[in-house]
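Colleague: Sharing a structure here in structure tokens format.
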Amino acid sequence: MEKICVAVRVRPPVAQETSSSTYWRVEDNRISLHKTLGTPISGVSHAFDHVFDQSCANARVYELLIKDIIHAAVEGFNGTAFAYGQTSSGKTYTMNGSESDPGIIHLAVKDVFRRIQMTTNREFLIRVSYMEIYNEEINDLLAVENQKLQIHESLENGVFVAGLREEIVNGAEQVLKIIESGEVNRHFGETNMNARSSRSHTIFRMVIESKEKDSNYSSDYSSTDAIRVSVLNLVDLAGSERIEKTGAGGVRLKEGKYINKSLMVLGNVINKLSDGAKQRGHIPYRDSKLTRILQPALGGNAKTSIICTVAPEEVHIEETKGTLQFASRAKRITNCAQVNEILTDAALLKRQKLEIEELRKKLQGSHAEVLEQEILKLRNDMLKYELEHEKLAMELEEERKSHKERDQWIREQQMKIDNLSSLVTLSDCDRKSSQDSARQSLKEESIDSHSAGHGDGFSTPCFKAVPNAFVVKRSNYSRLPDYSPLPDAISNVADEDTWLKMNKGYIADLDSLQITPARRVQSFPTSEATPGCSNENYKQEAQVLKRQLELAIEQKDQLERNHMEQILLNKQLTGEISELQREAQLIREIPHRLCESVANCKEIYKDVMSIMQSFVPDDESSTLQLLSSTSEIGTSLLSTLENHFSVSIDGNRTFPGNNSLIQEQCKVLCERLNKTITSLVLSEPSTVKPRHSRNLPCSCGYKVAASSQLARCHSSIMILFSVLMLGYFLSFFRLVIF
Ligand SMILES: Nc1ncnc2c1ncn2[C@@H]1O[C@H](COP(=O)(O)OP(=O)(O)OP(=O)(O)O)[C@@H](O)[C@H]1O
């Protein structure tokens, strides 16, 4: 999107005005109306892309305003430049120029061919046409017979004038000649305003077609053998005119009406377009042939420049103002120019192929990219899962290990229990069977040893019960025969190697077996030994068993004794613990008690102090001061101690008081107390008589009584504080101990 380029050109004044009071001033790209004295007239100042003053030549106008459009047209963009303004303002001069100052069309034509020559990679075909819209009819200026041509519109060609002659040209000079020939056919007329007034709008059109020269080697679809077709319109409009000024009548009047009407439609179109996309609504292009032809240039697919010519004379101020307003509106219009290409079937096919190829590449690229990303993502996921797996495996291994350890520990514990159980059972049975077998052997000494089954002699409950119990107990934690083998012989039960074999490396805590050392030395008859054994053997065995039994009984008794001792010791310890607990409770209560004591002491102290005060003679202010300071020290000490004990009650383990400070305070208190009492005792009897009635018989007797009372006061205070200090230190040691 780009704005229409708008410039204002002020033509030189035609005649010197004698009595003008205003004038147009041009400064840079601004034009404004001033009074003769130079004062600007407010509201009449406009800025444009360019403002050319009267001294400006056509070449400069072309350079600044038109050249870019011409170059763009060569490259395939539509372009339009037209001159708009009141009659005699210099439109024709700007477009056609003069011999000394060639106009825009002339310069443009030359420039087009210059540009074409510079564009070596393309081949061009230029067609030119020249037409006018006269009284709202289109006439072909290059073929006078082509009159009243019609405007058509097609998808392929857009808006076009049917039947218009187009001359294929190959050089600027040729074009200029054609233009010259066409100029002859233009409608000019003489008016009061202009001796050679254009009575029609003329449109010089160049159609520029181009094609890349050697497209076979091109791989870029943008430079295939597509044909670019651009239309360049250079328009010289007829000027708006006021009938009273032009003095037109008859034909001129009719022409003037058509001119004004078409210019009014152009103004409407410009107004609508300048309103902006939202408000503009319907654009009345079809209301005039001019706007219809210029439609692409006005808000369409073209680059457009408008040169608004104005007459500087004061007499034309209103028309100039109108032109400037038109220009201001036109400035707001935006166009959307793009390269126009026509595709032949071959070009279309080639382009489509290239586009497909490009899309395929893009698709492949994007697909590969997607795949690559997918693979990367999968790899990342895989890595994550691997790490997770490793972590889980490690955790599982740890779990297995700990499970195994736990199992082992349980087995060991179970085994210990089993061992102990079996040993205890064995011990019981052993004792029984030993007794039985002793009895039996004694009995059997009297009978024939061969008549009785020798096996039965060992089919004792002990012999059978032990392995069975063992097996049953072991089978509790494992049904596998490997884990619960029948011992070969019960005598091997305590054998460490057998334990190892039996438990597949699960070694029982052999230390626990030490509690039954007797098992290691006991010897039971084996089943293999049984068939060959004799009565002598039985006797020996019975003796052994007997000895073992006695030993076991001894051990048992010893154990029972130990047990009893332990129970006694336990009881004693329990008693001691209870005693200590009671003591601890008492110690815990000390702060409470001490607190209470301090409160009591405070009261007593107050009383004692007041008693002592009663002994102070009225005129003995020094003694009174001494007493007062003693009282204060005591009160302060009591408060400190109270604070300390209350903190101790709250369970604070930090010793709050300053130990040395309290001791110091206590010491000072003692000294002061001694001094006070000495001072009181040494006072004269008449003076030391208490101010409150004491009913004492005489001064001598009073002095003795007072001395003893003061001594009691002293001792009671000392006792009080001694007790409190004791409590304080006790409390201190309690904190230290606990
Ligand atoms: N820039 C200029 N320098 C010198 N002379 C100029 C210039 N512009 C216009 N003129 C002269 O002013 C007169 C009127 O100019 P021109 O015919 O170009 O006006 P116009 O706008 O085309 O009028 P109309 O609409 O009636 O055709 C002419 O004689 C022309 O030579």
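Colleague: Just to verify a result, which residue in segment 228-249, among those that are assigned to a loop (DSSP other than H, G, I, E, B) and touching a residue at least 12 places away in the same chain (Cβ under 8 Å), is farthest from Ala302 (Cα to Cα)?
Modeller: Gly247
Colleague: May I ask you to verify whether Ala83 is among the small types (Gly, Ala, Ser) and within 16 Å of the ligand (Cβ to nearest atom)?
Modeller: It is true that Ala83 is among the small types (Gly, Ala, Ser) and within 16 Å of the ligand (Cβ to nearest atom).
Colleague: To continue, here is another question. Out of Gly247, Gly281, report the one residue that is within 15 Å of the ligand (Cβ to nearest atom), more than 15 Å from Ala330 (Cα to Cα) and loosely packed, with under 15 Cβ neighbours inside 10 Å.
Modeller: Details: Gly281 fails: within 15 Å of the ligand (Cβ to nearest atom).
One residue alone meets the criteria, Gly247.
Quick grid of which residues meet (1) at pLDDT below 70; (2) assigned to a helix (DSSP H, G or I); (3) not small (Gly, Ala, Ser):
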site: Arg520; (1), (2), (3): yes, yes, yes
site: Pro525; (1), (2), (3): yes, no, yes
site: Glu536; (1), (2), (3): no, yes, yes
site: Lys539; (1), (2), (3): no, yes, yes
site: Leu549; (1), (2), (3): no, yes, yes
site: Lys556; (1), (2), (3): no, yes, yes
site: Asn562; (1), (2), (3): no, yes, yes
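Colleague: Residues in segment 251-264 that are crowded, with 20+ Cβ neighbours inside 10 Å and among the hydrophobic types (A, V, I, L, M, F, W, C): how many?
Modeller: 2
Colleague: Right, next: Is there a residue being at pLDDT below 80 and part of a loop (DSSP other than H, G, I, E, B) anywhere in segment 707-715?
Modeller: Among the residues of segment 707-715, not one is at pLDDT below 80 and part of a loop (DSSP other than H, G, I, E, B), which makes the answer no.
Colleague: Further question: Determine whether segment 61-76 contains at least one residue that is more than 15 Å from the ligand (Cβ to nearest atom), under 30 Å from Glu132 (Cβ atoms) and not in a helix (DSSP H, G or I).
Modeller: Among the residues of segment 61-76, at least one is more than 15 Å from the ligand (Cβ to nearest atom), under 30 Å from Glu132 (Cβ atoms) and not in a helix (DSSP H, G or I), which makes the answer yes.
Colleague: Looking only at residues in segment 89-124 that are away from the ligand (no atom under 16 Å from the Cβ) and assigned to a strand (DSSP E or B), which one is nearest to Ala7 (Cα to Cα)?
Modeller: Across segment 89-124, the extreme among qualifying residues is Phe124.
Colleague: Here is a follow-up. Can you tell me which residue within segment 159-182, out of those that are more than 28 Å from Gln117 (Cα to Cα) and either among the small types (Gly, Ala, Ser) or not in a strand (DSSP E or B) (or both), is farthest from the chain's Cα centre (by Cα)?
Modeller: In this case the residue turns out to be Gly163.
Colleague: Return yes when Ser42 is near the ligand (Cβ under 8 Å from one of its atoms) and small (Gly, Ala, Ser) and no when it is not.
Modeller: Spelling it out, it is not the case that Ser42 is near the ligand (Cβ under 8 Å from one of its atoms) and small (Gly, Ala, Ser).
Colleague: One residue is enough: does segment 718-735 have a residue meeting the conditions at pLDDT below 80, charged (D, E, K, R) and over 60 Å from the mean Cα position of the chain (by Cα)?
Modeller: no
Colleague: Further, regarding this structure: Which members of segment 284-343 meet the condition of being acidic (Asp, Glu), touching an Asp or Glu at 6+ places or on another chain (Cβ under 9 Å) and away from the ligand (no atom under 16 Å from the Cβ)?
Modeller: Glu314
Colleague: Another question about this same structure. Out of all the residues in segment 287-295, is one or more of a type in the set (Asp, Glu), at pLDDT 85 or above and either surrounded by 19 or more Cβ atoms within 10 Å (Cβ to Cβ) or not in a helix (DSSP H, G or I) (or both)?
Modeller: Just the residues of segment 287-295 that are of a type in the set (Asp, Glu), to begin with: 287.
Pick out the ones that are also at pLDDT 85 or above and you get 287.
Next cut, either surrounded by 19 or more Cβ atoms within 10 Å (Cβ to Cβ) or not in a helix (DSSP H, G or I) (or both) only: none.
No: zero hits.
Colleague: Consider Gln147 carefully, then state whether it is without any contact (Cβ under 8 Å) to a residue 40 or more places away in the chain and not in a helix (DSSP H, G or I).
Modeller: yes
Colleague: Of all the residues that make up segment 129-160, how many are at pLDDT 90 or above, touching a helix residue (DSSP H, G or I) at 6+ places or on another chain (Cβ under 7 Å), aliphatic (A, V, I, L, M) and over 28 Å from Ser98 (Cβ atoms)?
Modeller: Selection size over segment 129-160: 1.
Colleague: Which of the residues spanning segment 250-262 are within 12 Å of the ligand (Cβ to nearest atom), touching a residue at least 60 places away in the same chain (Cβ under 8 Å) and under 18 Å from Ile293 (Cα atoms)?
Modeller: Ile259
Colleague: Answer yes or no: is there a residue in segment 9-31 that is in contact with a Gly (Cβ under 9 Å, 6 or more places away or on another chain), within 16 Å of the ligand (Cβ to nearest atom), assigned by TED's automatic domain parsing to the domain that holds Cys336 and among the aliphatic types (A, V, I, L, M).
Modeller: yes
Colleague: Can you name every residue in segment 183-211 that is near the ligand (Cβ under 8 Å from one of its atoms), polar (S, T, N, Q) and part of a strand (DSSP E or B)?
Modeller: Scanning segment 183-211 gives Ser197, Ser198.
The values are calculated or read from the model by the stated rules, or taken from the named source; none is laboratory data. This one's a predicted model, so the numbers in the text were calculated from it and none came from an experiment. All Cβ positions, even for glycine, are placed from backbone atoms using ideal geometry, and neighbour counts span all protein chains on display.
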